[in-house]
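The values are calculated or read from the model by the stated rules, or taken from the named source; none is laboratory data. These figures come from a predicted structure and were not determined experimentally. No Cβ is skipped: glycine too gets one built from the backbone with ideal geometry, and neighbour counts run over all protein chains shown. In case anyone asks, the SASA skips ligands and DNA or RNA and just uses the protein heavy atoms, side chains included. Shrake-Rupley method; radii C 1.70, N 1.55, O 1.52, S 1.80 Å.
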Amino acid sequence: MSSSTERKSRIAVIGGGPMGLAVAYELTLLGHQPILIEADDRLGGMAACFEFAGMQLERYYHFHCLSDQAFFQMLGELNLADQLQWRTTRMGFYLDGRLYPWGTVGSVLGFRRLPLLTRVRYLLHAARCLTIRDWRSLDGIAATHWLRSWLGEKGYQVLWHKLFAFKFFHYGDQISAAWIWSRIRRLAQSRRRLRETLGFLNGGSQQLIDAMAAAIRQGGGVIQFSTPVQALRPLPSGGAVLSTPSGEQAFDCVISTVPLPLLAPILRAGGVEESLVERYGAVPSVACACVVLKTRQPVTCNFWTNVNDDRFVIPGVIEMSNLRTLAGNVSYVPFYIPADHPDYQRPNQVFIDDAWACLKAINPQLSDADLLASHCSRYRFAQPVCGVKFQQSLPPLQPFPGVFTADTTAYYPEDRGISESIDFGRKLARRAVGVERFQTVLHA
């Protein structure tokens, strides 16, 4: 777009999660007045909050690492930097009915369930993840194969098998080593004096969401709630016509940040060629039923406890109140299940009962009287399945002139995160309006 028409251009941003908010925010800084269209009745996407036991709480757990530079920059611009707090956190490992300390050199070396050589190899692998700079060397390798080569079969089975089995089911052996490397590296970098240090906002994610929304409105942007986009019809001249329950609107530029599979039926309804639509629909993902429990007492002293127990299809338990001060003891128990798996159709109460049984197993001192409140949220596209050479399988970032389509897979191999979404969203906004000096190489 030329500078003479930038302020007159009509720009739509689809999706009010962290990436969509970052796109709209950046566009207002560049002098535009975007319309942010959100299907939900609130902003935030997976970072959205709800009323739980008298407090505002995220539907899904979030935390921040020492390397989250884009997040820190956003906080500074929104005058929220003083609201970010840091805490030294602990990890645990629940294996065969026993809770072990985890996450430090000493705890790993003291983990006698594995041979000493395997424990040393685990630590060497973690150190190696910090020295790898070019993730592309891992892109074509399966994560399960890579981990087995470092830890041996027994080490892999004890330390990693359940994560892949319980988070990805039949996709487990397809996950790229680059993806798991990025997760290990991010947490390994979030250490002070070798101790894991994680951050949180005093007001939770809602504090950031509210501030970004206020900045967008102050910059002239408009936010529409409860407005699902039903069709996207590209225009030959650039941009697209969007259909919503309120009618049709034409835009010079459309930037979609909703999950790529969710965009497939929207493109199909807009008459887009089926071969392209299928590329969006073919991006696999795993759903999540995330249980939140409030208890009378803490379950453990850990923020994160990995679970390796055949009784529970649970990769881990996250005690948010051991990171952020809350009104009570709050734990998240995620169940990652493909949406077409029969178990995903189970009632919310069944997931809640399974989660509570797991917490009571980890801490036998808990009784049913200690469960004060519970809730189960579901999200169909919670975890993208990032297979080997994943980037090559993605549909184009700009399928049509003036139309951009991205979700959290766009910044692979990094896993979905608020900081990563903010960083990518701001760069995408600059690219979309032709701010050349900020252009970034994004996937083709």
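For Asp68, the criteria (1) in contact (Cβ under 8 Å) with a residue 60 or more places away in the chain; (2) open to solvent by 10 Å² or more (accessible area, probe 1.4 Å); (3) farther than 30 Å from Leu235 by Cβ; (4) among the acidic types (Asp, Glu) hold in every case but one, which is (2).
Looking for whichever is open to solvent by less than 60 Å² (accessible area, probe 1.4 Å) and free of Cβ contacts under 8 Å to residues at least 12 places away in the same chain here; the options are Val435, Val350. Which one fits? Step through it out loud before you land on a result.
Working: Val435 fails: free of Cβ contacts under 8 Å to residues at least 12 places away in the same chain.
Exactly one residue qualifies, and that residue is Val350.
Does Leu147 satisfy the condition of being assigned to a helix (DSSP H, G or I) and either among the aromatic types (Phe, Trp, Tyr) or over 24 Å from the mean Cα position of the chain (by Cα) (or both)? Steps first, please.
Numbers: assigned to a helix (DSSP H, G or I): yes; either among the aromatic types (Phe, Trp, Tyr) or over 24 Å from the mean Cα position of the chain (by Cα) (or both): no.
No; evaluated as a whole, the condition is false for this residue.
Checked against the criterion of being open to solvent by less than 20 Å² (accessible area, probe 1.4 Å), under 23 Å from Ala429 (Cα atoms) and touching an Asp or Glu at 6+ places or on another chain (Cβ under 9 Å), the stretch 242-253 contains one or more residues that satisfy it.
Residue by residue, here is whether (1) modelled with pLDDT of 95 or more; (2) open to solvent by 20 Å² or more (accessible area, probe 1.4 Å); (3) among the hydrophobic types (A, V, I, L, M, F, W, C) holds:
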| position | (1), (2), (3) |
| --- | --- |
| Pro298 | yes, yes, no |
| Phe303 | yes, no, yes |
| Val307 | yes, no, yes |
| Ile314 | yes, no, yes |
| Val317 | yes, no, yes |
| Met320 | yes, no, yes |
| Thr325 | no, yes, no |
| Ser331 | yes, no, no |
| Ile337 | yes, no, yes |
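When residues of the stretch 105-136 are filtered for being more than 23 Å from Phe168 (Cα to Cα) and in a helix (DSSP H, G or I), how many remain? Break it down stepwise before answering.
To start, the set of residues in the stretch 105-136 that are more than 23 Å from Phe168 (Cα to Cα) comprises 105-121, 123-124, 127-128, 130-134.
Keeping just the survivors that are in a helix (DSSP H, G or I) gives 105-109, 116-121, 123-124, 127-128, 130-131.
Matching residues across the stretch 105-136 total 17.
Being in contact with a His (Cβ under 9 Å, 6 or more places away or on another chain), among the hydrophobic types (A, V, I, L, M, F, W, C) and closer than 30 Å to Glu38 by Cα narrows it down to one of Leu201, Leu208, Leu147, Leu151, so name that one.
Working: Leu208 fails: in contact with a His (Cβ under 9 Å, 6 or more places away or on another chain); Leu147 fails: closer than 30 Å to Glu38 by Cα; Leu151 fails: closer than 30 Å to Glu38 by Cα.
That would be Leu201, the only listed residue that is in contact with a His (Cβ under 9 Å, 6 or more places away or on another chain), among the hydrophobic types (A, V, I, L, M, F, W, C) and closer than 30 Å to Glu38 by Cα.
I'd like to know if the stretch 281-303 contains one or more residues that are part of a helix (DSSP H, G or I), small (Gly, Ala, Ser) and under 30 Å from Gln230 (Cβ atoms). Lay out the reasoning, then the answer.
The first filter runs over the stretch 281-303 and keeps only residues part of a helix (DSSP H, G or I), leaving 281.
Checking the rest, the ones that are also small (Gly, Ala, Ser) come to 281.
Narrowing the set further to residues that are under 30 Å from Gln230 (Cβ atoms) leaves 281.
Scanning the stretch 281-303, I find at least one residue that is part of a helix (DSSP H, G or I), small (Gly, Ala, Ser) and under 30 Å from Gln230 (Cβ atoms), so the answer is yes.
Conditions (1) out of contact with any His (no Cβ under 6 Å at 6 or more places or on another chain); (2) part of a helix (DSSP H, G or I); (3) of a type outside the set (Gly, Ala, Ser), marked per residue:
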residue	(1), (2), (3)
Ile314	yes, no, yes
Ala327	yes, no, no
Phe335	yes, no, yes
Thr409	yes, yes, yes
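When Leu276 is tested against the conditions (1) more than 30 Å from Thr88 (Cα to Cα); (2) open to solvent by 50 Å² or more (accessible area, probe 1.4 Å); (3) in contact (Cβ under 8 Å) with a residue 24 or more places away in the chain, the lone failure is (2).
Residues are listed down the side, and each one gets a yes or a no for (1) under 22 Å from His62 (Cβ atoms); (2) among the aliphatic types (A, V, I, L, M); (3) assigned to a helix (DSSP H, G or I):
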site: Asp343; (1), (2), (3): no, no, yes
site: Asp353; (1), (2), (3): no, no, yes
site: Ala361; (1), (2), (3): no, yes, yes
site: Leu366; (1), (2), (3): no, yes, no
site: Pro396; (1), (2), (3): no, no, no
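Selection of first residues in the stretch 310-329 that are within 11 Å of Thr89 (Cβ to Cβ) and of second residues that are part of a helix (DSSP H, G or I), restricted to Cβ pairs under 9 Å at least 6 apart or on distinct chains, gives the following pairs, ordered by first then second residue: Arg324/Gly204. Each residue in the stretch 226-258 was checked for being under 24 Å from the mean Cα position of the chain (by Cα) and more than 21 Å from Leu27 (Cα to Cα), and 2 pass.
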